[in-house]
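Chemist: The structure is given below, and queries will be raised subsequently.
The values are calculated or read from the model by the stated rules, or taken from the named source; none is laboratory data. Just so we're clear, the structure is a prediction, and the values are computed from it rather than from any experiment. Positions of Cβ are generated from backbone atoms using ideal geometry, with glycine treated the same way; all protein chains shown enter the neighbour counts.
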């Protein structure tokens, strides 16, 4: 049950975010006095946001263990949790103000109470934003929860593959071609049955190893599914062009266009034939 709650954390927090922001907007606009539904709607939304914030922190606490054990992620996890707790406290206080306003809705002080609630709601929106900012940092900068949220080992495999690929791209961009080739090679050994990985491996032979002949041999050894056919043909053309075999590159691309017209591939054919600059 705890793990299921942890897996629901992303969905739950988005409810909290939307309820808090929309509720705050309704509360501020309700100070204008009309339309009449804004004030009760704001109360309903902000009370729901308070309840949702409790569920958010509970699910976040359930999820934090595996994420916190990821090397280097502990501080980011703790900061996100702290801001989550602040947001929950803020929304609880705001919920209490809303309940007071609801109880005193016929009092002459209700406008003042709603004004205080509006200020509190804006503060809570700031807290929600800061919590989301830290959550985004945790997910996108530290891969917090990525690949491990559901407990499915396939997710972990996808995370590993993403790590191989993205680091290889960084190394390639930085000119560390040997490292890029090694990473792609390791990925190909582990995930070699995937046709997309085969294409990436062939591309690495061409770009990182500077071996267009090996790339052509690798591409000739398998037939990818239809959606990847253009990618294979483009890589073959790249390899033929690197070998100085322009006619072979044109022939590969023309075979693709003959089956299904493609403006981008046709532009490349024209360029290879000297018809465009």
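Chemist: Evaluate the following for residue 210: is it exposed (fewer than 12 other Cβ atoms within 10 Å of the Cβ) and either assigned to a loop (DSSP other than H, G, I, E, B) or not assigned by TED's automatic domain parsing to the domain that holds residue 161 (or both)?
Modeler: In short, no.
Chemist: Of the numbered conditions (1) surrounded by fewer than 19 Cβ atoms within 10 Å (Cβ to Cβ); (2) farther than 15 Å from residue 196 by Cβ; (3) at pLDDT below 95, residue 256 satisfies every one except a single condition; which is it?
Modeler: Looking at each condition in turn, residue 256 falls short on (1).
Chemist: Also, I was wondering about something else. When you scan segment 162-174, do you find a residue that is part of a loop (DSSP other than H, G, I, E, B) and over 22 Å from residue 224 (Cα atoms), even just one?
Modeler: Among the residues of segment 162-174, at least one is part of a loop (DSSP other than H, G, I, E, B) and over 22 Å from residue 224 (Cα atoms), which makes the answer yes.
Chemist: Given the condition in contact with a helix residue (DSSP H, G or I) (Cβ under 6 Å, 6 or more places away or on another chain), more than 30 Å from residue 148 (Cα to Cα) and at pLDDT below 95, answer yes or no: does some residue in segment 179-191 qualify?
Modeler: No, that holds for no residue.
Chemist: Among the residues of segment 154-176, are any at pLDDT 95 or above, closer than 30 Å to residue 101 by Cβ and buried (at least 19 other Cβ atoms within 10 Å of the Cβ)?
Modeler: no
Chemist: Shifting gears a bit: Could you tell me whether any residue of segment 132-148 is assigned by TED's automatic domain parsing to the domain that holds residue 20 and closer than 30 Å to residue 39 by Cα?
Modeler: yes
Chemist: So which of 72, 84, 65, 60 is assigned to a loop (DSSP other than H, G, I, E, B) and within 30 Å of residue 148 (Cβ to Cβ)?
Modeler: Just a single option satisfies the conditions, and that option is 72.
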